[in-house]
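The values are calculated or read from the model by the stated rules, or taken from the named source; none is laboratory data. Keep in mind that what you see is a predicted model, and the values were worked out from it rather than measured. Positions of Cβ are generated from backbone atoms using ideal geometry, with glycine treated the same way; all protein chains shown enter the neighbour counts. Note: accessible area is taken over every heavy atom of the protein model, side chains too, but ligands, DNA and RNA are not part of it. Shrake-Rupley method; radii C 1.70, N 1.55, O 1.52, S 1.80 Å.
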Amino acid sequence: MKNFNIKAVLFLNYFVFAILLNSVGTVILQMQQNFGISKSHASVLEGFKDLPIAICSFILASFLPRIGIKNSMLIALFLVSCMCFVMPFANDFWFFKLLFAIVGISFALIKISVFTSIGLVTETDKEHSSFMGFLEGFFMVGVLMGNVLFSLFIDDNNPKSTNWLNVYWVLGGISVLSFVFLFFSKLNENEAKSENTSLIGDIKNSISLFSYKKVMFFLLCVFLFVLVEQSFQTWTPTFYKEILKVPTSMSIQAGAVLAGAFALGRFLSGFFLRKFTWIYVVSFCVIGFAVSILLVLPLTQNTNVGTEASWLNAPLVVYLFPLMGVFLAPIYPSINSVILSSTPKYLHSSMSGLIVVFSAIGGTIGSVITGSVFEKFTGQHAFYLSLIPLTLLIISAIVMNKLKINPKK
């Protein structure tokens, strides 16, 4: 397979950050138990993760190819490796704020680099869409494995125990392994650079993207999607713990089941996008997810599974809730691939930066709104609210599909 080595490295890098980024739901739950942090206060961890992603992506996007795509990924992996080896000694909330800030900065470097690299290692639009789907699917495999990994270190009999922090020794080791593999891999970055332009020219090219209506509606789609996605991913463990009353380890494992559903949905998108137009795939998924919310959430009312429950004796709703992720999963890689395929390769870094910025903003706002509504009302109310951005998402996607970008500009 052409470019197999660098493709494998991209998968591994995405896997590492999938675990670190999406551990925020587990950490929020543990902060409430270990340090007595309120839901609204704990929800700021999402901001410490996402705001650095947004800020750094905006700053770095236009000239990251000048730093070097491979060099940027190596810097990111070095930073998170160091922080992971510090975390087993964490004894206060600010450690976790610092952790997610560094993870956010590093992920900005990784995601822009990875998205830019996809255009360098694929040759056609369909191959681009398919690879994007598989890559995002593998990202969700990382989320699944991360939830399972964290749950293995949780002590259900002692909620105040901080032994779960030892999981960061494992994560630090994986980060170092990814660093080594990347260091010895080769990546031809020539096409990602715009010849005969200065840094100022690169910045102007980035700003010019806002002049396209298709880009503006795409960014709205990204913002709305991640707002919904992060709400569910971040608050599913707390929902299971406080609404369904299951054990803490099982609550975290529910996040793994949700991630597994996302992974399945994104792997399937890699196949469907080869056969169907992206707007049909996205429309079907949005409608399917909205219908599943209306059917599944009522089943969680007045449900008390109990702390002695396990996956072998849990009621049907415990399985149905995270499986909704199958519908939501294909949307993100579908719309990302469409916009990247519509722009010249030398603008992929800038476009990727905008994707990361608007994803980060959407994730932060979604998590904070969900946490606040969860605290003041119920978890069901918090998740019903997602029907509003879902409606706006499908409208924006339909409009985006009708617009064009002139690749020569």
- [ ] Give F284, F262, F271 a once-over and let me know the one that is of a type in the set (F, W, Y), in a helix (DSSP H, G or I) and open to solvent by less than 10 Å² (accessible area, probe 1.4 Å).
- [x] F262
Task: Among the candidates K214, K245, K241, residue that is over 21 Å from the mean Cα position of the chain (by Cα), open to solvent by 10 Å² or more (accessible area, probe 1.4 Å), at pLDDT 90 or above and of a type in the set (D, E, K, R) - done: K214
- [ ] Looking only at the range 36-53, decide whether some residue is under 30 Å from E127 (Cβ atoms) and assigned to a helix (DSSP H, G or I).
- [x] yes
TODO: Being of a type in the set (D, E) and at pLDDT 80 or above is the filter here, so list the residues in the range 177-211 that pass it.
DONE: none
TODO: Report, by residue number, each residue of the range 292-332 that is under 27 Å from the mean Cα position of the chain (by Cα), surrounded by fewer than 16 Cβ atoms within 10 Å (Cβ to Cβ) and closer than 22 Å to D156 by Cα.
DONE: W311, Y319
TODO: Filter the range 72-127 down to the residues that are acidic (D, E) and out of contact with any Phe, Trp or Tyr (no Cβ under 8 Å at 6 or more places or on another chain), then identify the one that is surrounded by the fewest Cβ atoms within 10 Å (Cβ to Cβ).
DONE: E123
Task: Verdict on I339 being farther than 22 Å from P247 by Cα and buried (at least 17 other Cβ atoms within 10 Å of the Cβ) - done: yes
TODO: Look through V246, V222 and report the one residue that is outside any helix (DSSP H, G or I) and either in contact with a Phe, Trp or Tyr (Cβ under 9 Å, 6 or more places away or on another chain) or free of Cβ contacts under 8 Å to residues at least 24 places away in the same chain (or both).
DONE: V246
- [ ] Consider V257 carefully, then state whether it is modelled with pLDDT of 90 or more and assigned by the TED database to the domain that holds T378.
- [x] no
Open item on the list: Kindly evaluate S310 against the criterion of being at pLDDT below 85, of a type outside the set (A, V, I, L, M, F, W, C) and either part of a helix (DSSP H, G or I) or assigned by the TED database to the domain that holds F139 (or both).
Closed with: no
Open item on the list: For the structure I just gave you, tell me whether G173 is small (G, A, S), surrounded by fewer than 18 Cβ atoms within 10 Å (Cβ to Cβ) and assigned to a helix (DSSP H, G or I).
Closed with: yes
- [ ] Any chance you could count how many residues in the range 150-170 are at pLDDT below 90 and either among the aliphatic types (A, V, I, L, M) or assigned to a loop (DSSP other than H, G, I, E, B) (or both)?
- [x] 11
Open item on the list: Among the residues that make up the range 104-111, is at least one of them outside the structural domain of E308 (by the TED database) and over 28 Å from F267 (Cβ atoms)?
Closed with: yes
Open item on the list: Among the residues in the range 180-187, are any surrounded by fewer than 18 Cβ atoms within 10 Å (Cβ to Cβ), of a type outside the set (F, W, Y) and not in a helix (DSSP H, G or I)?
Closed with: yes
